[in-house]
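*Asks:* This structure is in structure tokens; I'll ask about it shortly.
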Amino acid sequence: MRSFNPKTDLIELNCWLIARNAGLLDEKDLPKMGQIVPGVACGFIVTTDCSTCFLECFVSNKDASKKDREDALEKIARWGEKMAAILGYKRLLAITEAPTLLKLAENMGFEFKNIKLASMDL
């Protein structure tokens, strides 16, 4: 696992998104702090100016083995948890519907809230 570098890793991330029929991302769409397990998965921490930050844009290579994907996503999520604490955040949120990430969040001790998410493109 290493820091995500958009100059070299964005193409790989977008290939994973294409394989999942998801929209492509541009460098400006990504948070500054991210990790990647090359060939397997990546994820990011979105920092804010309050006491809450987010785990975001977790994407895996569907051609990698299920175990490799799960292991990589957990490593990246644990990195995000550690970074949030180091940076002084008091709350870490994750928004997902992906079964693998829901299971990971449960294993990490996240509390599940029954919320609706509203979004607007500007």
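*Asks:* So which residues in the range 11-29 are touching a residue at least 12 places away in the same chain (Cβ under 8 Å), aliphatic (A, V, I, L, M) and more than 14 Å from residue 61 (Cβ to Cβ)?
*Replies:* Result: 25, single match.
*Asks:* Please pick out the residue among 104, 92 that is within 17 Å of residue 1 (Cβ to Cβ), over 11 Å from the mean Cα position of the chain (by Cα), crowded, with 16+ Cβ neighbours inside 10 Å and modelled with pLDDT under 95.
*Replies:* Values: 92 fails: within 17 Å of residue 1 (Cβ to Cβ).
The match here is 104.
*Asks:* So which pairs qualify, if the first residue must be in the range 66-82 and touching a residue at least 12 places away in the same chain (Cβ under 8 Å), the second must be surrounded by 18 or more Cβ atoms within 10 Å (Cβ to Cβ) and part of a helix (DSSP H, G or I), the Cβ gap must be under 7 Å, and the two must be at least 6 apart or on different chains?
*Replies:* Listed by first residue and then by second, the contacts come to 73/101; 73/104; 74/104; 77/104.
*Asks:* How many of the residues making up the range 1-58 are among the β-branched types (Val, Ile, Thr) and crowded, with 18+ Cβ neighbours inside 10 Å? Before you say what the answer is, go through the steps one by one.
*Replies:* At the first step, the residues of the range 1-58 found to be among the β-branched types (Val, Ile, Thr) are 8, 11, 18, 36-37, 40, 45-48, 52.
Narrowing further to those that are crowded, with 18+ Cβ neighbours inside 10 Å: 36-37, 40, 45.
Matching residues across the range 1-58 total 4.
*Asks:* In the range 56-84, which residues are among the hydrophobic types (A, V, I, L, M, F, W, C) and within 20 Å of residue 30 (Cα to Cα)?
*Replies:* Our first condition is that a residue be among the hydrophobic types (A, V, I, L, M, F, W, C); within the range 56-84, this holds for 57-59, 64, 72-73, 76-77, 79, 83-84.
Of everything in the range 56-84, those that are among the hydrophobic types (A, V, I, L, M, F, W, C) and within 20 Å of residue 30 (Cα to Cα) turn out to be 57, 58, 59, 72, 73, 76, 77, 79, 83, 84.
*Asks:* Please verify whether residue 60 is more than 16 Å from the chain's Cα centre (by Cα), hydroxyl-bearing (Ser, Thr, Tyr) and on the phi < 0 side of the Ramachandran plot, treating the condition exactly as stated. Working first, answer last.
*Replies:* Working: more than 16 Å from the chain's Cα centre (by Cα): no; hydroxyl-bearing (Ser, Thr, Tyr): yes; on the phi < 0 side of the Ramachandran plot: yes.
The answer is no for residue 60.
So that you can scan it fast, the table gives a plain yes or no per residue for (1) at pLDDT 95 or above; (2) in contact with a Cys (Cβ under 9 Å, 6 or more places away or on another chain); (3) not acidic (Asp, Glu):
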residue: 1; (1), (2), (3): yes, no, yes
residue: 40; (1), (2), (3): yes, no, yes
residue: 44; (1), (2), (3): yes, yes, yes
residue: 88; (1), (2), (3): yes, no, yes
residue: 108; (1), (2), (3): no, no, yes
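The values are calculated or read from the model by the stated rules, or taken from the named source; none is laboratory data. Please read these numbers as outputs of a predicted model, since none were measured by experiment. Reconstructed Cβ throughout: ideal geometry from the backbone, glycine too, with neighbour counts over all protein chains shown.
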